[in-house]
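Scroll down for the structure; my scribbles are underneath it.
The values are calculated or read from the model by the stated rules, or taken from the named source; none is laboratory data. Predicted, not measured: the structure shown is a model, and the values here were computed from it. Note: ideal-geometry Cβ built from the backbone for every residue, glycine included; neighbour counts use all protein chains shown.
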Amino acid sequence: MIEDIDCDVFVRIQTDLLVVGDSIMTDRHHASNGNYEDDDPQNQIGGIIPAFSLSGWLRHGMEKVVQERDGTACHPGEANANFRKDGVYSRDLDAGYHPKGECLDDGDGNGCVILDLYGGFGNRPGKFMRRPIQFSPVRSSVDYTRGQAEGHYRRLNRNVVSRNEEDNREPLRNAELDAVGNLDGSWHLSFRETKPEFVALLAEAIEYLNDHQTDFMHQLGGARNFGGGIVDCELVNPLYEEHELRRVFDRGKGNTNKMDDKDDEWTNEYLPEFQTALAERVGEEL
Ligand SMILES: [Zn+2]
């Protein structure tokens, strides 16, 4: 069954507000023509959301899935790193993590399922590539089959003002934030090797993240206290063909009968089999 799953899978990501620090790359130099104004609503700026925040967000969801199956997850930090907060690291180890790479010592040498996917220990390549999301405010130019999204770039200004009455709210400090609003698109993930347990872990993690989208721990990026990074997410049925994937994002069209059939197949046949493989693998790692 795993041979029916393409190495390219897509996750639908929808969020009202995404703030990823200073790391949104925009193409405003094209749009500006020398007179770019940050706050002009006419700006038609596209850009790229790098995969780092997305990858960490997804990994955290996957770690939860492993832990809910009574497994431990690879800690993302090197065990021999000089952590600034050593006590916090040890506390993580007590709360469902093992030191990164410890899992390589037993079994087939692939490590635990998280390490196998994410790689990174001693330059091991992960088996799973997380791509950046390219976004554009012009929906007609968005190609969902290439992991793109509709999204609206804005630079936000935050003022911290004086609390003394006689200062009349005089600004003490001004901070600028790069944000993408009304994001709706697909995140393109590629397995370098497609294993059933990988697909099940991805499906369960995305479901977990969707169910816990307002938990502070599982919001995406910054500005979480202000509702940033509350993400509706959904694994697009990996059995879909390209034209069906496009249809998912087409507000004017619903599922075809064939898509409904594939949804049933996915839910009733494929996913349970992959979940069994995941349960076995996590079980072996206990
Ligand atoms: Zn591990």
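Summary of values
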quantity: Near pairs, Cβ below 8 angstrom, 6+ apart or cross-chain, from the range 87-111 (within 18 Å of MET62 (Cα to Cα) and touching a residue at least 40 places away in the same chain (Cβ under 8 Å)) to any residue that is of a type outside the set (Asp, Glu) and within 13 Å of the ligand (Cβ to nearest atom); calculated: CYS103/CYS74; CYS103/GLY111; CYS103/CYS112; CYS103/LEU115
quantity: Checking GLY109 against (1) modelled with pLDDT under 85; (2) assigned to a strand (DSSP E or B), the condition it does not meet; calculated: (2)
quantity: All positions within the range 129-146 that are touching a strand residue (DSSP E or B) at 6+ places or on another chain (Cβ under 8 Å), surrounded by fewer than 21 Cβ atoms within 10 Å (Cβ to Cβ), within 20 Å of HIS243 (Cα to Cα) and not β-branched (Val, Ile, Thr); calculated: GLN134, ARG139, ARG146
quantity: Near pairs, Cβ below 8 angstrom, 6+ apart or cross-chain, from the range 244-255 (crowded, with 16+ Cβ neighbours inside 10 Å) to any residue that is basic (Lys, Arg); calculated: GLU244/LYS258; GLU244/LYS262; ARG247/LYS253; VAL248/ARG12; PHE249/ARG12
quantity: Evaluation of ARG163 against (1) outside any strand (DSSP E or B); (2) in contact with a strand residue (DSSP E or B) (Cβ under 6 Å, 6 or more places away or on another chain) (one fails), failing number; calculated: (2)
quantity: Those helices (runs of 4 or more DSSP H) lying entirely in the range 171-286 with at least 1 residues within 19 Å of the chain's Cα centre (by Cα); calculated: 196-211, 242-248
quantity: Where a residue in the range 134-147 is closer than 16 Å to ARG12 by Cα and its partner, wherever it lies, is assigned to a loop (DSSP other than H, G, I, E, B) and among the aliphatic types (A, V, I, L, M), with Cβ under 7 Å and at least six apart; calculated: SER136/VAL142
quantity: Verdict on THR267 being exposed (fewer than 13 other Cβ atoms within 10 Å of the Cβ), among the β-branched types (Val, Ile, Thr), at pLDDT 95 or above and closer than 18 Å to VAL65 by Cβ; calculated: yes
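One line per residue, one yes/no per condition, for (1) more than 9 Å from the ligand (Cβ to nearest atom); (2) closer than 20 Å to ALA279 by Cα; (3) surrounded by 19 or more Cβ atoms within 10 Å (Cβ to Cβ):
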residue	(1), (2), (3)
CYS74	no, yes, yes
LEU93	yes, no, no
CYS103	no, yes, yes
GLY109	yes, yes, no
